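Okay, here's the structure, questions in a sec.
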Amino acid sequence: MSPFPIYLLLPLGAAIIYALGSIAIKRALKEGVSMDQSFHLTNFVMGILFLPLFVIEKTPVNWAEIYKPLIMGVAFFAGTWLTFLGIKRGDVSLVTPIMGTKVVFVAIGVVLLTGKELSPALWIAAILTAVGIFVTGLTDLKMGRHLFFTVLVTLASAAFFGLCDVLVNWWAGDFGAVSFLAVGTLLVALLSLVMWLFQGRPTLRLPRSGATWAWSAAFCIGLQAMLIGLSLSFFDDATGINVVYASRALWVIVLVVVFGTFLGNTEHRDSGKSFLWRVIGTVILTAAIIIAVIDRSLIEALT
């Protein structure tokens with residue numbers, strides 16, 4: 001028996017890559033890249049990255065149910081927009097942990113939409129995740145910072161992404177697993193194009209100082225989305241996968257502390273005591289991840 005179910009390496013890798021991407025987004029915005037530029041670039045790159053999935057599809061695609069990946073794509077587009085808005089308004093060491101509440105929305109969605117029952121350990125992990133999120137932002141709220149909008153936007157983003165994950169886990173296999181991801185992501189790119197046109201076709205020429213960061217962020221966000229999508233499509237464990245994926249909060253803290261200066265991020269110094277509470281909250285989140293992994297190992301041993 002493997003002490004760490006091998007498929008959980010996919011969401012673990014996605015978590016690390018997401019942490020890099022979110023810091024790169026923040027740096028790109030700092031270097032003069034607008035939120036709209038970074039948002040549209042990320043969606044376009046993501047659409048391109050997912051296109052090869054059409055080629056590697058091994059099962060017949062049920063095109064009669066194309067509405068399913070389209071619904072997922074709309075939800076993903078909304079979640080991505082809200083995520084960028086949250087990163088623009090708040091520190092990544094605050095926004096990313098709050099994004100971890102997605103695991104709670106996934107757990108609720110799995111029960112309500114699919115009728116499946118979660119193990120007590122996974123419910124504990126989901127609840128611990130919510131507690132960790134609360135602790136992470138506790139000092140910021142006590143200090144009277146105007147974080148209500150940022151927290152609300154980020155929670156809404158987590159809810160949309162949670163819905164996406166449940167839909168992928170629920171519908172992808174019936175449609176054609178990898179084609180489901182490709183169709184949904186292509187719609188995200190098309191919706192981004194439509195938004196760009198309605199915005200009056202603002203320039204996509206990036207400031208030289210921020211171009212590398214913006215392109216790096218776009219690639220990281222696209223790659224981690226693919227890893228999570230494949231995890232959910234092929235492994236029937238939406239909640240467990242998302243608990244491990246919530247470790248991105250831990251990786252953001254690690255990257256900010258260890259490589260913050262190199263990455264142009266000084267929030268671990270600027271946030272004062274708030275950053276300490278974010279670390280404590282992240283430790284709680286990590287405990288939730290360990291519980292989820294142990295739970296999966298026990299299931300693997302008993303089956």
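May I ask you to sort I6, I66, I23, I291 by Cβ crowding, counting other Cβ atoms within 10 Å and putting the fewest first? All intermediate terms of the calculation are to be shown ahead of the outcome.
Details: I6 9, I66 15, I23 28, I291 18.
Least to most surrounded, the residues fall as I6, I66, I291, I23.
Same structure, new question: Taking 30 Å as R0, compute the FRET efficiency from the Cβ-Cβ separation of L152 and F234 and round it to 0.05.
Details: r = 34 Å, r/R0 = 1.12.
With R0 = 30 Å, the Cβ-Cβ based efficiency is 0.35.
Each residue of the stretch 121-133 in order: what ³J(HN,Hα) in whole Hz does its phi give by Karplus 6.51 cos²θ - 1.76 cosθ + 1.60, θ = phi - 60°, with x for Gly and Pro?
4, 5, 5, 4, 4, 5, 5, 4, 4, 4, 4, x, 5
Which of the peptides 30-36, 226-232, 211-217 is most tightly packed, and how do the rest follow, going by the mean number of other Cβ atoms within 10 Å of each residue?
The densest-packed peptide leads the list: 226-232, 211-217, 30-36.
For F134 and I290, what does the FRET efficiency come to when R0 = 22 Å and r is the distance between their Cβ atoms, rounded to the nearest 0.05?
Taking R0 as 22 Å, the efficiency between F134 and I290 is 0.70.
Right, here's the next one. Hey, what do the phi angles of the stretch 71-78 turn into as Karplus ³J(HN,Hα) couplings, whole Hz, using 6.51/-1.76/1.60 and θ = phi - 60°, x for Gly and Pro?
Those phi angles translate into 4, 4, x, 5, 5, 5, 4, 5 Hz.
FYI, it's all coordinate maths here, none of it is from the lab. Predicted model only: the values in this text are computed from it and were never measured. Cβ: placed from backbone, ideal geometry, glycine included. Neighbour counts: every protein chain shown.
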